[in-house]
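*Asks:* Have a look at this one.
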Amino acid sequence: MTATTAEQNDPLAPRGGHPQRWLILGVICLAQLTVLLDNTVLNVAIPSLTEDLHASTADVQWMINAYALVQSGLVLTAGSSADRYGRKKMLVAGLALFGVGSLAAGLAQSSGQLIAARAGMGVGGALLMTTTLAVVVQIFDDTERVKAIGIWSTVSSLGFAAGPLIGGVMLDHFWWGAIFLVNIPVAVVGLVAVIRLVPESRDPRGDRPDLVGAVLSTLGMTSVVYAIISGPEHGWGSGQVLLTAFAGIAVLTGFVLWELHVPYPMLDMHFFRNQRFTGAVAGAILVAFGMTGSLFLLTQHLQFVLGYEPLEAGLRTAPLALTVVALNLTGLGARLVVRLGTPTVIAVGMSLLAAGLAAIALLGGRDYGGMLLGLLVMGAGVALAMPAMANAIMSAIPPEKAGVGAGVNGTLAEFGNGLGVAVLGAVLNSRFAALVPGAVGAASLPAALAAAGGQAERERITDAFASGLETSQLVGALAVLAGGLLAGALLRRAERTQTD
C-alpha cells in the first residue's frame, strides 16, 4: 500500500527514468550554471568596483560573500521545502528571485546597494542549488544517475571556473553592471523551460514542516559564516567575531538536538552515522575551500601583480574550466569510479587539486607558464573528485529526501566557498601586513600603490602582495590534501563495513 501510494504521488520514482530526462537535465544545468557563475564572476571586476564605487577591500569581500552568506544560511531550508512543497515550484521561485536580484545588482549605484542585491540573489540561488540536484536524482534511474550527476557536477565546476572568463569578456565591452544584467534573459528562458518541461515531484510522505529546525539552521549557519567572513576585517580575536561565532555554534548545537528528538526532522541526523556520507561531506567542503579561495586570489594575482586586463585575466583562468569539462564529458571519472572505487578516485582527485595549488604558489609567482601547469592539474583533480563526492552524498540519502540531500551538499559547498575566501584572504592580508607594515592602513592594494613614495616602494608592495598570495595558495593546498586523505579513509572504511 505504501509503495503504491508513493508511486502515484511521485511520477518520477526511478523506474526507467523520465522520458524527457536529458532535455530536463539541460534546462536545470542552465539554471545551475547561472547561479554558480555568480560565485566567481565578480572576481575580475574587483579593480572596476574599487574605482567606480570607491569600494574598499572589505566592501569587495562583502559583495562576494553576501551571496554565499545568504545561500549557506538558506540552502538546507530550501531543500527541505522543495521536498515538501514541490521541486518544480522551488525552481520557478528561485529563477524569478534570481532574475530580480540580478536586475537590482546591475543597476546598483553604491557598494551598499550592490551588497544588498547580491544577498537577494543568494535567496534565489539557494532555491536553485537544491532543486536542480534533487530533480536529477528523481528523473534518472540507478543505471543513469551516476552519469547524470557527473554532467551536473561538470556544470557546477564550469560555473566556478568560467566566471572570471565570462566576467572578463563582459568587462572588456561593457561596464561592470552588465555581468549581472546578462542573467536576466537566462532566467526568463529558464522559467519558460521549467514550466513547460519539468514535472512536479515531492516527498509523498508529506511530513509536517519543521519550522523550528528551519529557523535554527538558517540562523546558525548565517552566524557562523558571518564570523568567518568578518574575521579578517575585525580580527579573529575581536569580541564581535567571537560572539557571532559562539552564537552560531550554540544555535547549530540546538538545531542538532532539536532534529534528534523531533518526530519529523528537517534533516535526519542519523545520515551522519553513515561514514560514506560523512567522508564525502568532508571532501566537498575542502574542494570548495581550495577552488573558490584559489580563484579569488588568482584573479587578483593576474591583474594586480602580473598586470593583465580583466579579459586577459579571465582567459588565463579558462584552462581550469576546460580541463574539467573535457575530462568529465569523456566520462573518465565515472569509469574510474567503477574500476578503482569512490574512495580512491576522491583521494586522487583531491591530491591533484592540492598539487595544482602548490604548483601555482611555487611556479606561478611571476610566470604564467607555472600557473598554467597548476590550473591544468587542478582541473584534473576537480573533474575526478566532485562528481564522485556528489554521487556519494546523494546515494547515502533516500531518493524521497533528495532535496534535503542536495541541501546538505549545497550548504557545505557554500560554507567551503566562504571559508576559502575568508581564510585564504586572511592569510594573504597577514603576510602582506608583516612584509609591508606601512601599507596596512590602505583599503586595497591599488590604494597602497597609489600612496607609495616611489617606484622602489611600489615594487616592494607588489612583491609583498605576491608573497602573500603564494603563502595563501600553499595553505589551501595543505587543507585540500588533508581533506582528500580524510575523505578517502572514511569512504574506504564505510565500504569495508558494508562488505563485512
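The values are calculated or read from the model by the stated rules, or taken from the named source; none is laboratory data. None of the values given here were measured: they were computed from a predicted structure. Note that we place each Cβ from the backbone using ideal geometry, even for glycine, and neighbour counts take in every protein chain shown. Just so you know, the surface numbers come from the protein's heavy atoms only, side chains and all, with ligands and any DNA or RNA stripped out. Shrake-Rupley method; radii C 1.70, N 1.55, O 1.52, S 1.80 Å.
*Asks:* Note down the nm distance, to one decimal, between modelled labels 7 Å out along Cα→Cβ at L362 and at L340.
*Replies:* 2.1
*Asks:* Still on this structure: What does the accessible area of L363 come to, in Å² to the nearest 10, when a probe of 1.4 Å is used?
*Replies:* Answer for L363: close to 100 Å² accessible.
*Asks:* Any chance you could run the full-extension gain for Y85 through S110? It's 0.36 nm times the residue separation minus the Cα-Cα distance, nm to one decimal.
*Replies:* Residue separation times 0.36 nm, minus the Cα-Cα distance, leaves 5.3 nm.
*Asks:* Given points 7 Å out from each Cα along the Cα-Cβ axis, report the D172 to V215 separation in nanometres with one decimal.
*Replies:* Here the answer is 5.1 nm between the modelled labels.
*Asks:* At a probe size of 1.4 Å, how large is the accessible area of E259, to the nearest 10 Å²?
*Replies:* Number for this one is 10 Å².
*Asks:* Rank these residues by their accessible area, most exposed first, probe 1.4 Å: W152, W258, W62.
*Replies:* Ranking W152, W258, W62 by accessible area, largest first, yields W258, W62, W152.
*Asks:* Quick check for me: using +1 on Lys/Arg Cβ and -1 on Asp/Glu Cβ, what's the dipole size of the chain about its Cα centre, in debye to the nearest 20?
*Replies:* 960
*Asks:* Then there's this: Efficiency by 1/(1 + (r/R0)^6): what FRET value for A482 and S56, r their Cβ-Cβ distance, R0 = 35 Å, to the nearest 0.05?
*Replies:* Working from the Cβ atoms, E equals 0.60.
*Asks:* Quick one: accessible surface of K147, probe radius 1.4 Å, all protein chains present, in square angstrom to the nearest 10.
*Replies:* Here the residue's solvent-accessible area equals roughly 130 Å².
*Asks:* When only the heavy atoms of the protein chains count and the probe is 1.4 Å, how do H270, H301, H173, H54 rank by accessible area, highest first?
*Replies:* Largest accessible area first, the residues go H54, H173, H270, H301.
*Asks:* Indicate the helices, whole DSSP H runs only, in the chain that combine a mean Kyte-Doolittle hydropathy of 0.5 or more with a Cα extent along their long axis of 18 angstrom or more.
*Replies:* Helices meeting the criterion: 21-40, 87-106, 111-139, 142-173, 183-197, 211-234, 239-261, 275-300, 310-329, 342-363, 368-395, 402-435.
*Asks:* In Å², and per residue, what accessible area does the chain have when probed at 1.4 Å with the other protein chains present?
*Replies:* That works out to 38 Å² for each residue.
*Asks:* Per DSSP helix of 4 or more residues, -39500 (n - 2.57); summed, then divided by the residues of the chain. What does that give at 222 nm, rounded to the nearest 500?
*Replies:* Rounded to the nearest 500, the figure is -28000 deg cm²/dmol.
*Asks:* Return the distance in nm (one decimal) between the two label points of a simple spin-label model at T330 and Q455, each offset 7 Å from Cα along Cα→Cβ.
*Replies:* Each label point lies 7 Å from its Cα, and together they span 4.7 nm.
*Asks:* Then there is this: Based on the mean of other Cβ atoms within 10 Å per residue, sort peptides 338-351, 377-390 so the most packed one is first.
*Replies:* Going by the mean number of other Cβ atoms within 10 Å, highest first, we get 377-390, 338-351.
*Asks:* Hey, if we sort D203, D172 by accessible area with the 1.4 Å probe, largest down, what's the order?
*Replies:* D172, D203
*Asks:* Along the charge dipole of the stretch 326-433, pointing to its positive end and built from +1/-1 on Cβ of Lys, Arg, Asp and Glu, which listed residue (T330, N391, N409) has its Cα farthest out?
*Replies:* So the residue furthest toward the plus end is T330.
*Asks:* Looking at N183, L107, A347, which one has the Cα that reaches farthest to the positive end of the dipole of the chain (charges on Cβ: Lys, Arg +1; Asp, Glu -1)?
*Replies:* So the residue we want is A347.
*Asks:* Using R₀ = 45 Å, calculate the FRET efficiency as 1/(1 + (r/R₀)^6) where r is the Cβ-Cβ separation of E312 and A433; round to 0.05.
*Replies:* For R0 = 45 Å, the calculated efficiency reads 0.95.
*Asks:* Roughly how far apart, in whole Å, are the Cα centres of the stretch 20-40 and the stretch 281-359?
*Replies:* Taking the Cα centre of each part, the stretch 20-40 and the stretch 281-359 sit 19 Å apart.
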